[in-house]
């Protein structure tokens, strides 16, 4: 059985990796890394699979209690250079994969908090707009074009190409 991969120029035109996609991929890689390492440590160290998963998780998240240490059995440092190379490469790449996974998860929680704050600010601005109905709300974009809102409760935020709306001038005009 063989597989043929066909690449069409029209298939991958507008593909974007979302933050959720990246989190899923890196979490899957972390799980595979821990499961694969646990299988190897279970075999070479004589630990149970659960103990090996525990060791891999504690090692790759850099908690490192020290209650389980690899390469301490049967003179492994002297007799098994291939196993030593595996352990070093496993820890090196495993640390990178698990750190990337944890970094993406932490960044997602931070951005969720920021999105909540932005939503709260927009709701507060909506309340202010309803308190001052005699004014016409206008935002000016970076091309200096005034864009009036057709309704008082419609809020149109315009920003520059970097997504920075902090310097976007807000003008109130009487109707």
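Derivation of every value follows stated rules applied to the coordinates shown; laboratory data play no part. What you see is a predicted model; the values in this text were computed from it and never measured. FYI the Cβ positions are ideal-geometry reconstructions off the backbone, even for glycines, and counts take in every protein chain you see.
When 33, 114 are arranged by Cβ crowding within 10 Å, least crowded first, meaning fewest neighbours, the order is 114, 33. Counting other Cβ atoms within 10 Å as a rough exposure proxy, the listed residues 93, 50, 41 run 50, 93, 41 from fewest neighbours to most.
Fewest neighbouring Cβ atoms within 10 Å first, the residues 25, 98 line up as 25, 98. Applying 1/(1 + (r/R0)^6) with R0 = 45 Å to the Cβ-Cβ distance of residue 15 and residue 50 gives a FRET efficiency near 0.70. Maximal additional length on extending the residue 71-residue 130 stretch stands at 14.3 nm, based on 0.36 nm per residue less the C-alpha distance. Subtracting the Cα-Cα distance of residue 89 and residue 63 from their residue separation scaled by 0.36 nm leaves 7.5 nm.
With the simple model of a label 7 Å out from the Cα in the direction of the Cβ, residue 40 to residue 99 spans 1.8 nm.
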